[in-house]
Amino acid sequence: MPKPFERALELAERGRGTTDPNPVVGAVLVAGEEVVGEGWHERAGGPHAEVVALEAAGERARGATLYVTLEPCAHHGRTPPCVDAIVAAGVARVVVGVSDPNAKTDGQGFARLREAGIDVELLDGELALRARRQNEAWRTWISAGRSFVTYKAAVTLDGRVVVPESRWVTGEESRRRVHELRAASDAVAVGMGTVRADSPRLDARDVDAERQPRRLAFGNGPLPEGSELELVSGPPAEALGRLAGEGVQSLLLEGGPTLATSFLREELVDKLLLFVAPTLAGSGPRWVGELGEPLPLAGLEVERLGDDVLLSGYIREP
């Protein structure tokens, strides 16, 4: 079995897609060398991960160490504060992956636990980074009041977004991954140029999808007759704020160079995904225009997808 905190991260993922608008959270209770309780947040309004783990442990929670991916809550919401349950159970030590980004509650869980004489440790390094990224969209939604934006593009080795006389730039495995990304996003968007050129559907097809994303077009319109997309007008920053107010935590941006350049210039792209095909197009538009200054990426990762390569990294860490 993985180490306790890694196990908590695994458990948290079981709530992916069912906890909205809450984050995914996992918890593991360890007494000595034995895991005595596990839990994860399954759905909004249901018990939090810590409470599930404590109930599983029962009396064995007394004197145990609780590993939890997110700072335990200290406020009354749809459920009572988790810190109260932790204190009442007699837990001796709490190890947390990342603090709550909500300014109204950040640190209060830690303070309440320490006031009760419980040893609290906030992790750093790789495990803390994994905990932050696990809820990257929710953290941006809470702290910045806007949707977390992932920009995705399919490009050739020379940076073009089209290949002459070919319908597709990348292969089947890359295209399937895009549909998986759509299924995992609250909304998917393109610009009006893409709408007029391609009439995109933007839905998630041939993959498991708990629900379809909202499908958006940024611009002044009008949308073509029969389009099923929603028109989103106004400055991008304001639009992202409005979408956040409507519950859109994660936005997958699939637009062309004009939309990509606009969002990047305004520092509204958090994560970048480039699906790179082993092709030199030789001509055609590039995926991004002039930005004015370099944009370094953090956490760069490389993944092989058939003949393609997926490059992913963060322009803005969550």
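The values are calculated or read from the model by the stated rules, or taken from the named source; none is laboratory data. Here the structure is a predicted model, which means the values were calculated and not measured. Cβ: placed from backbone, ideal geometry, glycine included. Neighbour counts: every protein chain shown. Note: areas computed on protein heavy atoms with side chains; ligands, DNA, RNA excluded. Shrake-Rupley method; radii C 1.70, N 1.55, O 1.52, S 1.80 Å.
Numbers at a glance
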| quantity | calculated |
| --- | --- |
| Computed FRET value (nearest 0.05) for E6 with L297, which takes r as the C-beta separation and R₀ as 30 Å | 0.75 |
| Residues with amide H under 5 Å from that of T69, placed H, sequence gap 5 or more | G26, G97 |
| Hypothetical label at E317: residues of segment 60-81 whose amide nitrogen lies under 20 Å (7 Å Cα-Cβ projection) | 69-71 |
| Segment 236-263 and segment 168-206: distance between their alpha carbon centers, rounded to Å | 15 |
| Amide H contacts of R160 (H built 1.01 Å from N, under 5 Å, at least 5 apart or other chain) | A281 |
| Ratio of Rg to Rh over segment 1-111 (Cα coordinates, Kirkwood Rh, two decimals) | 0.93 |
| Surface share of carbon and sulfur [accessible, 1.4 angstrom probe, percent] for segment 209-318 | 51 |
| Dipole in debye (nearest 20) - the chain, about Cα centre, beta carbon charges: Lys, Arg +1; Asp, Glu -1 | 380 |
| Cβ-placed point charges (K, R +1; D, E -1), dipole of segment 1-125 about Cα centre in debye, nearest 20 | 220 |
| Relative packing of peptides 40-49, 223-232 - highest average C-beta neighbours within 10 Å first | 40-49, 223-232 |
| Positive-end residue, the chain charge dipole about Cα centroid, Cβ charges, pick of G109, G306, A277 | A277 |
| Over 32 Å [Cα-Cα, the chain], rounded percent | 36 |
| Amide H contacts of V120 (H built 1.01 Å from N, under 5 Å, at least 5 apart or other chain) | V94 |
| Spin-label pair A44/R211, simplified geometry with 7 Å Cα→Cβ offset, distance in nm | 0.7 |
| Net lengthening on full extension, L231/A92 (0.36 nm per residue, minus Cα-Cα) | 44.7 nm |
| Stretch gain in nm, segment D124-H75, where the contour uses 0.36 nm per residue and the Cα spacing is subtracted | 15.2 nm |
| Cβ-Cβ FRET estimate between N220 and D84, R0 fixed at 51 Å, reported to 0.05 | 0.50 |
| E246-A197 FRET efficiency (beta carbon distance; Förster radius 30 Å; 0.05 resolution) | 0.65 |
